[in-house]
Each structure stands twice: as C-alpha cells, then as structure tokens.
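Single-structure report; data block below.
The values are calculated or read from the model by the stated rules, or taken from the named source; none is laboratory data. Keep in mind that this is a model prediction, so the values were computed, not measured. Ideal geometry is used to build each Cβ from the backbone, glycine not excepted, and the neighbour counts take in all protein chains shown. Side chains are part of the model used for accessible areas, which takes the heavy atoms of the whole protein and leaves out ligands, DNA and RNA. Shrake-Rupley method; radii C 1.70, N 1.55, O 1.52, S 1.80 Å.
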Amino acid sequence: MRRAMRAVRTGGAAIASAFAVLAGVAAGGAQDYPRLHITALGMHADHPAVAAGETYHITIHVHVAQRRERLDELVLPTLTNAIDLGDERRRVAAPGGGTDFYEIMTVSSPEPGEATFSSAYVDAIDPAVGKPLRYSSSALSVRVAPAAGGPEAIDNVTQSVEQTLHDVLLYGGLAIAAILIPLVLVLRRPRTHVAEHDETPPVARPVLPPVDPLRAAIAAFRERGDDPSLDALRNLLFVRAGARLGATLTDALQAVGTRDPALAHAMTIAERVRFGPGSERAAATRELFEALDVLLLTGPVRA
Amino acid sequence: MATPADVRNAIAATIVGQREVVDALILALLADGHVLLEGMPGVAKTLACRALAAAVGGDFKRVQFTPDLLPSDIVGTRIYDQRIGEFRIVRGPLFANIVLADEINRAPAKVQSALLEGMQERRATIGPDTLVFPRPFAVLATMNPFDADGTYALPLAQLDRFLLNVRVGYPSLADEREIVARFAAAEAVPLTGVATLDDVARWQREVRAVHLDDRVRDYAVDLTRATRDARYVASGASPRAALALAILARAFAYLAGRAFAVPDDVRELAPSVLRHRIAFDHRLALDGGDPEAVLAGIIAGVPAP
C-alpha cells in the first residue's frame with residue numbers, strides 16, 4: 001500500500017507534520033485495535049530553536065475521518081533532552097464529519113544542543129483494507145541554544161543562522177526534486193486508480209487559544225496528586241523563576257529574586273510537598289494550592 | 001531544652017566569623033562523625049574546637065602531633081603500679097568527647113593509623129583490655145596544607161574516615177579588625193554549659209529521624225558516582241561518601257529546623273564531603289587546574305532532583 005508522506009516547514013518553524021503509515025503492526029492483539037480512518041498525523045514545535053530552560057510546545061495533530069470523542073490510542077513521543085511539563089489534549093469536530101485531536105505538550109530542554117522527539121503513533125485497523133496499521137508522525141528535533149546572555153549564546157545565534165541557510169538550501173532543493181520527480185513519473189506513465197485516502201488533507205497549523213502551562217500543570221497535579229505531576233509543576237515553577245532544570249530551590253529563589261514573591265513562596269512550599277515526610281503531604285499540598293491561587297491571582301509570571 | 005542553634009550562637013560569641021567552620025563542627029557532632037580542618041595557623045581552628053567542647057559540656061583533649069609521637073601516647077598504655085603490685089591502664093587523650101588532633105600529618109603513619117582506627121571503631125585495645133570511648137565522640141583534626149616539609153601525607157583510605165573536610169580561610173577585613181579589637185587585651189573564653197551531653201545524644205537521635213526522600217538520597221549517590229568518571233580524577237569517592245552525604249543532609253536539615261532534607265542540603269555539603277575523598281591525576285597539575293574548580297564542575301554537572 002502506498003501512502004503519502006509529507007513534511008511541511010512553515011514560517012521557519014520545524015514543523016514535521018507528516019502522515020506516515022507503516023504496514024506490519026504486530027499481529028498479536030490486532031483485533032483489539034479500533035477501526036480508524038486516520039488521514040493526518042503530524043507533530044510540530046512552536047519554535048525551531050529555543051534557549052535552554054525555555055518553555056515551548058510540541059503539538060501533535062491527528063485527523064480522524066470519523067466522529068470520535070476520545071483518542072486514547074495515540075502514543076506520545078519519547079523525549080530526549082526535554083522534560084514534559086504538562087500535557088493538554090483538545091478535540092475539535094471538523095467540518096465534514098471528521099475529528100481533529102490536538103495533543104499539546106509543554107516541554108523545556110535543560111541542556112544546550114538538540115532536543116529530539118520520536119514519532120508519535122496510533123495503531124489501528126484501517127477500515128479501507130481491514131488490516132492493522134501503524135499511523136506514525138515524523139520524528140522531530142529542536143535546536144537548543146545555551147541560556148541567553150553568554151558567549152555561547154552568541155556563537156549559537158551564528159550557528160543558528162548558518163544552520164537555517166543550510167536548511168533552506170537543502171530543503172529547497174529537496175522540495176524542488178520532490179515536485180519535479182513525481183511530475184515526470186506521472187507524465188511518463190498511464191494514470192492508475194488512487195485510493196481515496198491517498199490524499200492527505202493539507203495540515204494547517206492549529207489555531208488554538210493560548211495555553212497557560214502553569215494552569216495546566218496545576219490542574220494535572222490537582223487531579224492526579226502524584227509525584228510525576230508534582231515534579232512537572234515544580235519544574236515549571238523553577239523554569240518560570242528563570243532557573244535551569246536540574247537546579248535547586250536556592251538557585252530558583254536567587255533567579256526570581258524579589259520580583260515575584262508569590263512565585264518564591266509557591267516554590268518553597270512545593271519543595272516541602274515534594275521532599276517532606278508523607279504524613280505532612282496532605283497539609284502541605286493544601287498550602288501549596290493556596291499559594292498557587294495567590295500566584296495565579298497576581299497575574300502572569302514573568303519568565 | 002537546648003538546641004544546636006544555642007551551641008552555634010555560643011561558639012559565635014567566642015569566635016569572630018568562620019561560620020562555615022562552626023557549622024561543620026556542629027554538623028559533625030550531630031552526625032556523630034569527625035572533621036578535618038585545613039588551613040593556615042592562627043585562624044581559630046583550635047579555639048573553635050575548644051569552644052564546641054565547652055558549649056556542650058564535654059571532656060576536651062588536645063594532642064599536638066609530632067614526628068616522635070607513639071600510638072600509646074594517644075591511645076594509652078599500661079604501667080606497673082608498685083603500690084598495688086599490678087599493671088594499671090592509663091587512658092590516652094583519645095578517651096574524651098572532643099579530641100583535637102592538631103597537625104595530624106606531622107605524626108608517622110603508625111600513630112595516624114591508631115588515631116583513625118579509634119575514630120572508626122570508637123574503642124581502643126590496651127594490653128588485654130578493649131575500652132570503649134565515651135559518647136559523644138568526635139575527632140577534630142587539623143592540617144596545614146601549605147607547610148608540607150617533614151609531614152606524612154594521609155592516604156585516601158584514612159582521609160575517607162573524616163565525614164567532612166573544611167577549608168579554613170583567613171577572616172574578612174571586618175572580622176579581622178573585630179578579632180584584634182576584641183581579643184588584643186583579653187584572651188577568648190569559651191562559653192560553657194550551653195548544652196549537655198544528654199542534649200547531644202538526643203539531637204543525634206532526632207537527626208536520624210529526619211526524613212530523607214528517595215530522590216534526595218539518590219542525588220547524594222549520583223554526586224558521589226559522578227566523581228569517579230570525571231576528567232582529571234584518578235580515584236573517585238567511595239560509597240562511604242554517599243553515606244556521609246545522606247547523614248549530613250539530615251543533620252543540615254535538623255540544624256536548619258526542618259524535619260526533612262532537600263537537594264540543597266546535599267549540594268551545599270558536597271564540596272566538604274567529597275574534596276578529601278578524590279585523588280586527582282597528574283594531568284590536572286600539568287594543565288594548571290584547580291582541584292576545587294574541578295570538584296565544583298562535577299557537582300554542577302549533576303542535576304538536582
């Protein structure tokens with residue numbers, strides 16, 4: 001079966017919206033897969049390059065040609081040099097009977113270099129052929145510059161410009177080749193039947209209301225109350241304070257200084273919730289939520 | 001009931017500045033360990049140790065290590081008592097609550113070994129008898145790192161027995177002026193009776209009850225392990241360093257009035273716990289590197305939880 005694979009780069013952003021379907025999903029348990037007609041599965045970052053410690057978003061878009069309330073089968077990518085600070089999933093009913101799902105991951109990369117995201121995928125039975133398939137996005141990478149201000153950052157800007165020029169030339173050439181070669185092939189042979197789902201609908205960059213990662217992380221911790229959601233919230237507070245991931249509370253308090261006492265207070269209590277004895281966790285958690293309410297009331301926190 | 005903060009205040013009333021040294025002495029007492037103080041002469045190392053002993057009401061002994069010192073000079077010996085016609089044990093200066101081993105590297109290896117064995121075992125064998133040291137028991141050893149002539153360097157295995165190694169620097173200008181103003185006319189007199197030995201025993205029990213989260217404990221292990229693969233390091237810190245970080249993190253939290261340790265506690269203590277447990281290779285000297293800077297880099301390279 002042939003499927004279309006498309007990589008889109010829009011506005012300089014490293015958008016790897018791709019619709020890749022690989023045959024050969026393991027047969028075991030395949031009968032349990034849902035029957036889904038997936039026509040787009042893409043993943044993109046909102047910035048092609050970020051600074052270490054900066055918060056950014058990875059959006060995974062899945063278009064299903066049916067009405068669906070949930071998409072629990074979506075497997076999120078594995079992160080390298082990136083810490084997941086919180087996830088948010090949105091569902092939008094698309095005109096024509098389909099459903100768009102947007103998984104928005106708020107992440108931050110602690111180290112300069114490169115952050116990589118493996119493919120996101122959905123295993124499902126394609127109703128057109130009745131076989132299990134793995135619908136997969138392209139992997140994605142994001143360049144991570146050193147935190148702003150240092151000489152490395154200046155070097156990195158230079159490298160970033162050079163890389164962008166290199167990318168423009170490389171991908172420009174590839175794009176031209178990608179247009180010309182199929183065109184020549186199509187013109188040279190008789191036209192054959194094309195399956196109806198060969199056409200990937202153009203993937204537009206989702207237009208969504210801005211996500212407040214802090215509110216999302218608070219909501220996640222309020223709902224789950226476990227250590228991973230607390231870690232995500234604590235990491236987000238540290239990043240907001242201007243500290244790098246892997247920093248301690250002292251670093252974060254020094255970074256925030258006196259500019260945001262509510263944030264400093266919330267971070268201090270989060271430390272108690274995270275590392276304090278289990279017998280005091282419930283009380284400390286209540287205190288943390290009160291501190292977070294104050295933090296949210298005092299307005300957006302400056303990074 | 002007295003608190004460690006009372007002892008800290010009492011020592012601070014005797015010694016001007018040197019906050020890191022004072023805290024290290026109290027932490028060692030809380031964690032039931034020993035401290036190695038490195039610094040030039042005349043920076044109040046001895047006075048700090050004497051002030052600690054006075055504050056907790058403990059028995060204090062000082063031994064000046066010299067090349068002709070014998071193990072029996074510090075452990076004790078048996079002498080024949082003509083009045084009773086039997087051998088009698090005379091206990092050495094190690095049988096005290098606070099022992100100051102001054103210039104530890106000036107005594108030969110046999111004496112160092114006797115001291116360090118006593119530090120580890122907390123007992124000494126004199127003739128046929130094995131005698132237990134009093135509790136609490138803390139050895140505060142000093143060493144001058146710049147005057148190496150006629151000294152016997154301590155091997156890593158023996159340095160490893162010290163919980164902490166603190167570098168004692170010169171006081172600041174303001175502190176030095178205050179030292180001269182305060183002590184030029186009268187000798188410093190340590191405050192006594194601020195706490196009791198029972199208080200110390202209670203503090204040590206409470207320190208062991210301080211909560212240490214798994215991730216803080218793992219951070220201590222990660223820091224220790226990071227010393228083994230680092231550049232310029234010939235031999236990294238042993239698991240005893242991770243143990244020391246864990247118990248000292250609890251003591252640090254207790255001294256700060258917390259019932260739980262945090263990553264900051266571990267990171268704050270890491271230089272003092274690790275610096276004397278690492279052997280650097282020749283490349284560091286060839287490159288003109290600074291061991292403290294290398295250690296700081298190792299610590300900074302391990303992300304805190």
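In the set B:66, B:46, only one residue is in a loop (DSSP other than H, G, I, E, B), hydroxyl-bearing (Ser, Thr, Tyr), at negative phi and open to solvent by 10 Å² or more (accessible area, probe 1.4 Å); that residue is B:66. Given the structure, is residue B:280 open to solvent by 30 Å² or more (accessible area, probe 1.4 Å) and modelled with pLDDT of 95 or more? No; evaluated as a whole, the condition is false for this residue. When residue B:260 is tested against (1) closer than 22 Å to residue A:268 by Cα; (2) at pLDDT below 95; (3) over 22 Å from the mean Cα position of the chain (by Cα), exactly one condition is not met: (2). Candidates are the residues of the stretch B:285-299 that are open to solvent by 10 Å² or more (accessible area, probe 1.4 Å) and touching a helix residue (DSSP H, G or I) at 6+ places or on another chain (Cβ under 9 Å); the one that is farthest from the other protein chains (Cβ to nearest Cβ) is B:291.
Against the condition crowded, with 20+ Cβ neighbours inside 10 Å and in a helix (DSSP H, G or I), how does residue B:51 come out, does it pass? Judged against the criteria, residue B:51 is a match.
For the stretch A:63-73, the criterion of being at pLDDT below 85, hydrophobic (A, V, I, L, M, F, W, C) and in a strand (DSSP E or B) is satisfied by no residue at all.
The conditions of being open to solvent by less than 20 Å² (accessible area, probe 1.4 Å) and either within 13 Å of another protein chain (Cβ to nearest Cβ) or closer than 17 Å to residue B:299 by Cα (or both) are met by residue B:269.
When we screen B:303, B:271 for residues that are without any contact (Cβ under 8 Å) to a residue 60 or more places away in the chain and within 21 Å of the chain's Cα centre (by Cα), the only hit is B:271.
Checking each residue in the stretch A:228-246 for being facing chain B (nearest Cβ under 10 Å) and within 18 Å of residue B:213 (Cα to Cα) picks out A:231, A:234, A:246. Checking every residue in the stretch B:114-128 against the condition of being basic (Lys, Arg), over 25 Å from residue B:14 (Cβ atoms) and free of Cβ contacts under 8 Å to residues at least 60 places away in the same chain gives at least one match. Looking across the stretch B:157-170 at every residue that is modelled with pLDDT under 85 and surrounded by 13 or more Cβ atoms within 10 Å (Cβ to Cβ), the one that is nearest to residue B:116 (Cα to Cα) is identified as B:158. If you go through the stretch B:171-188 and keep only what is surrounded by 11 or more Cβ atoms within 10 Å (Cβ to Cβ) and not in a helix (DSSP H, G or I), you end up with B:171, B:172, B:188.
When you look at residue A:80, is it crowded, with 19+ Cβ neighbours inside 10 Å and of a type in the set (Val, Ile, Thr), yes or no? For residue A:80, the condition - crowded, with 19+ Cβ neighbours inside 10 Å and of a type in the set (Val, Ile, Thr) - is not met.
Suppose we keep only residues that are within 14 Å of another protein chain (Cβ to nearest Cβ) and within 22 Å of the chain's Cα centre (by Cα) within the stretch B:218-244. Which one would you say is surrounded by the fewest Cβ atoms within 10 Å (Cβ to Cβ)? The selected residue is B:223. Residues in the stretch B:253-266 that are under 17 Å from residue B:218 (Cβ atoms) and either aliphatic (A, V, I, L, M) or more than 12 Å from chain A (Cβ to nearest Cβ) (or both): B:253, B:261, B:262, B:266. State yes or no: is residue A:92 open to solvent by 20 Å² or more (accessible area, probe 1.4 Å) and in a loop (DSSP other than H, G, I, E, B)? For residue A:92, the condition - open to solvent by 20 Å² or more (accessible area, probe 1.4 Å) and in a loop (DSSP other than H, G, I, E, B) - is not met. Applying the set (1) more than 14 Å from chain A (Cβ to nearest Cβ); (2) open to solvent by 20 Å² or more (accessible area, probe 1.4 Å) to residue B:207 leaves exactly one unmet item: (2).
Determine whether the stretch A:64-76 contains at least one residue that is buried (at least 24 other Cβ atoms within 10 Å of the Cβ) and over 20 Å from residue A:132 (Cα atoms). No, there is no match, as no residue in the stretch A:64-76 is buried (at least 24 other Cβ atoms within 10 Å of the Cβ) and over 20 Å from residue A:132 (Cα atoms).
Screening the stretch A:102-128 for residues that are over 26 Å from residue A:81 (Cβ atoms) and in contact with a strand residue (DSSP E or B) (Cβ under 9 Å, 6 or more places away or on another chain) and picking the one that is surrounded by the most Cβ atoms within 10 Å (Cβ to Cβ) gives A:124.
Give me the residue from the stretch A:202-215 that is touching a helix residue (DSSP H, G or I) at 6+ places or on another chain (Cβ under 9 Å) and buried (at least 19 other Cβ atoms within 10 Å of the Cβ) and, out of that set, modelled with the lowest pLDDT. Only one residue tops the list, namely A:213. Looking only at residues in the stretch A:240-252 that are part of a helix (DSSP H, G or I) and over 20 Å from residue B:219 (Cα atoms), the one that is least open to solvent (accessible area, probe 1.4 Å) is A:241. If only residues of the stretch A:254-289 that are β-branched (Val, Ile, Thr) and open to solvent by 10 Å² or more (accessible area, probe 1.4 Å) are counted, the one that is farthest from the other protein chains (Cβ to nearest Cβ) is A:258.
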